[in-house]
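Each remark here refers to the structure printed beneath this line.
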Amino acid sequence: MPTLLYSYSKCSTCRDAIAWLQQHGIPFEERPIYTQPPTLAELRRMLALQDGELKRLFNSSGLEYRALDMKARMPALSEDEALALLAGNGRLVKRPFLLGPKVGLLGFKADAWSKALK
C-alpha cells in the first residue's frame with residue numbers, strides 16, 4: 001500500500017507537508033481532497049488510527065463545516081453517517097490527510113510527522 005496524501009493545492013499547510021515529505025525522501029501519492037475525497041475504507045482505517053475519535057477527521061475550522069452546522073449535527077450522527085458525509089465532501093475532511101501502511105496523520109506538524117514517519 002502506497003502512502004497517500006490527500007491535499008488541497010491552495011492550502012499552505014498542505015504545501016508545507018508536501019515539501020516536508022519531499023525533503024525527507026518519503027515517497028507518496030498525492031490526491032486532490034476536494035475532487036477525490038478519501039474512500040469509506042480509507043476513512044475507516046484513519047478513524048481506527050485516530051483511536052475512534054471521529055471529530056479528528058473533520059475540518060472543523062472550514063467554511064463547509066460551519067455552513068452545514070456540523071458542530072450541532074455531529075452528536076446526532078452515527079459513525080456510518082459521518083463517514084459517508086466525509087467520503088462525499090472532501091471540504092469536510094481535515095487536511096492534509098496522510099494514510100500509510102502503518103500510520104494515519106491529520107493536519108501537519110513537523111515534529112509529529114517526524115516521530116510517526118521515521
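Observations
- Matching residues, the stretch 49-67, being within 27 Å of PRO101 (Cβ to Cβ), in contact (Cβ under 8 Å) with a residue 24 or more places away in the chain and part of a helix (DSSP H, G or I): LEU49, LEU54, ARG56, LEU57
- A residue that is surrounded by fewer than 17 Cβ atoms within 10 Å (Cβ to Cβ), under 22 Å from LEU117 (Cα atoms) and without any contact (Cβ under 8 Å) to a residue 60 or more places away in the chain cannot be found anywhere in the stretch 68-90.
- Of residues in the stretch 5-17 being surrounded by fewer than 18 Cβ atoms within 10 Å (Cβ to Cβ) and either basic (Lys, Arg) or touching an Asp or Glu at 6+ places or on another chain (Cβ under 9 Å) (or both), the one nearest to GLY107 (Cα to Cα): ARG15
- Filter pass, ALA116 being part of a helix (DSSP H, G or I) and touching a strand residue (DSSP E or B) at 6+ places or on another chain (Cβ under 9 Å): yes
- Counted residues, the stretch 92-106 - those being outside any strand (DSSP E or B) and touching a Ser or Thr at 6+ places or on another chain (Cβ under 7 Å): 3
- Criterion: at pLDDT below 95 and not aliphatic (A, V, I, L, M) - qualifying residue of PRO101, PRO32, PRO37: PRO101
- Every condition in (1) farther than 21 Å from CYS11 by Cα; (2) modelled with pLDDT of 95 or more; (3) surrounded by fewer than 17 Cβ atoms within 10 Å (Cβ to Cβ) is met by GLU42 except one, and the failing one is (3).
- Selected residue [more than 11 Å from the chain's Cα centre (by Cα) and aliphatic (A, V, I, L, M)] from LEU63, LEU43, LEU86, LEU99: LEU63
- All conditions in (1) of a type in the set (S, T, N, Q); (2) modelled with pLDDT under 95; (3) under 19 Å from LEU5 (Cα atoms) hold for GLN22, with the sole exception of (2).
- Residue in the stretch 70-83 that is assigned to a helix (DSSP H, G or I) and within 11 Å of the chain's Cα centre (by Cα) present: no
- Hey, ILE18 under 21 Å from ALA116 (Cβ atoms), part of a loop (DSSP other than H, G, I, E, B) and not basic (Lys, Arg) or not: no
- When every residue of the stretch 22-37 is checked against the conditions, at least one turns out to be within 24 Å of ASP111 (Cα to Cα), in contact (Cβ under 8 Å) with a residue 60 or more places away in the chain and surrounded by fewer than 15 Cβ atoms within 10 Å (Cβ to Cβ).
The values are calculated or read from the model by the stated rules, or taken from the named source; none is laboratory data. This is a predicted model, so every value here is computed, not measured. All Cβ positions, glycine included, derive from the backbone under ideal geometry; neighbour counts span all protein chains shown.
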